[in-house]
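Each reported figure results from applying straightforward, stated rules to the coordinates on display, with no laboratory input. These figures come from a predicted structure and were not determined experimentally. Because the Cβ atoms are built from the backbone with ideal geometry, glycine has one as well, and the counts that use them run over all protein chains shown.
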Amino acid sequence: MSTDLVALRESTRRRLLGQMTTGFAGLALGQMLSLERMPIALGDASTERPPAKAKRVLQIFCPGAASHIDLWDYKPALEKHHGEPLPGAEGEVSFQGKNGNLMKSPWAFVPAGESGKPISSLLPNMARHVDGMAFIHSMTSKSNTHGPGCIFMNSCFTREGFPTAGAWVSYALGTLNDNLPTYVAIQDVRGEPPNGKANWGNGFLPARHQGVALSAQQPLRNLSRPDGVTPATDEATQAFLAASNGEHAAARNGDDPLKARIAAYELAARMQLAAPEVSDLARESAEVHAAYGTSDLNPLKAAYARNCLLARRLLERGVRYVSLYCASRASAVDGLLNWDAHKTLQADYERHAPIFDGPTAALLDDLKRTGLLDDTLVVWCTEFGRMPTHQQGTAGRDHNPDAFTTWMLGAGIKGGISYGATDEFGRRAVDKVSSAYDFYATVLHLLGLNHESLTYYHNGANRRLTDVHGHVLSDILA
């Protein structure tokens, strides 16, 4: 082969690979290349690791601080003392100013399941899953502001720059499917949550561990052929690249790292072929679409339903960590785009709850039906709670970082129980007070990881997801 032809091939190869580093292809290539030498940072090898009950995690996040006392945490005292001042806190000032008197929930709470757990009548479909849930009623946050609050609930730090839980899980456990991302964040059709992409960021971990953002309405970018490139041209280009790689490797016989890198590029191409298939919801039956409500007359509910269906397809194909968002960042009108009901609680939640309730319950039904719930941990989160009083001059509730509810369901979880408690009005957590540190210590435990041993050396310190805090909530474990 002439010297000029070899030079041309090398030039063409470099240009092609350079162009492939943009968009999703670049993420795919980076992830595949990383598998050549993925580190597993589990601390001292002598440290005992818990047995893994879960293989994957589904995190459902409702941004805007969904009210615990209007959804999950029944407080009869609010009904009894409705309209009276909060004892010892008359005229208390919180995030947006002074608070008025106690305000009962506009909706009745009804017993659900064999456990009889009272659940808001706003959530009739979610009520059928109560017996599988472990409610954590004593959660607290370190922030009363949405952006830092969301970051704290995802990373255990109130400022950006720290890895989120999904990134830590990706770093520790790697992939279950070489053809798909390890960590995916499914955005709501209404937009990103407060603080945007930092909610699925990799922080100081290698970039390959960041969440890949996608949704049913916006599948993975940069996977289709450019205009003007025919299938024949595409196939010829791939053949040319394979030949060039083969010649390059043959000239360097015995270079195993080079062979591994070439294999990684080829694996990345397979990822590009697999991604469109998982996003193709048309492959699901009409019965499944009807159960989720993907054609609901409410376009926001239909969009969220499609995202729920996409989440199940990602989980069953081996995506390790899926974050599913229901609502987005705050808007100029409180409570319009998320659960931040400062002024009109009843109107806001009667808009948001139907979007969340039916599709989420259908997703849990599907995970149970397919057997995925046996080794999938499902967690529900929001960034903090709401006040038991009404915000002065409004019919809404202000922020409350001192008390809120989360729950877990699925692999390794004892269902039909409540952990911790708030006071009689839901103002503060008072029993078994917990935080994101304990929450994720428990998540890692169920994945077979010790939260104190999973570390990454950064800026002179062995960093970990739970910082220097956290304990496993053993009472909720099966």
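Things to note:
- Available extension along the chain between Asn459 and Thr237 is 75.5 nm, counting 0.36 nm per residue and deducting the alpha carbon span.
- Sparse packing (at most 14 other Cβ atoms within 10 Å of the Cβ) combined with a DSSP loop state is found for the following GluC sites (Glu not before Pro) in segment 57-112: Glu90.
- Total formal charge among the other residues, if their Cβ is under 11 angstrom from that of Leu409, Lys/Arg +1 and Asp/Glu -1: +1
- Taken as Cα centroids, segment 168-218 and segment 419-450 sit 24 Å apart, rounded to the nearest whole angstrom.
- Checked against a 26 Å cut-off, the cross-linked pairs Lys75/Lys343; Lys53/Lys368; Lys53/Lys197; Lys98/Lys432; Lys80/Lys117 give Cα-Cα distances beyond that limit for Lys53/Lys197; Lys98/Lys432.
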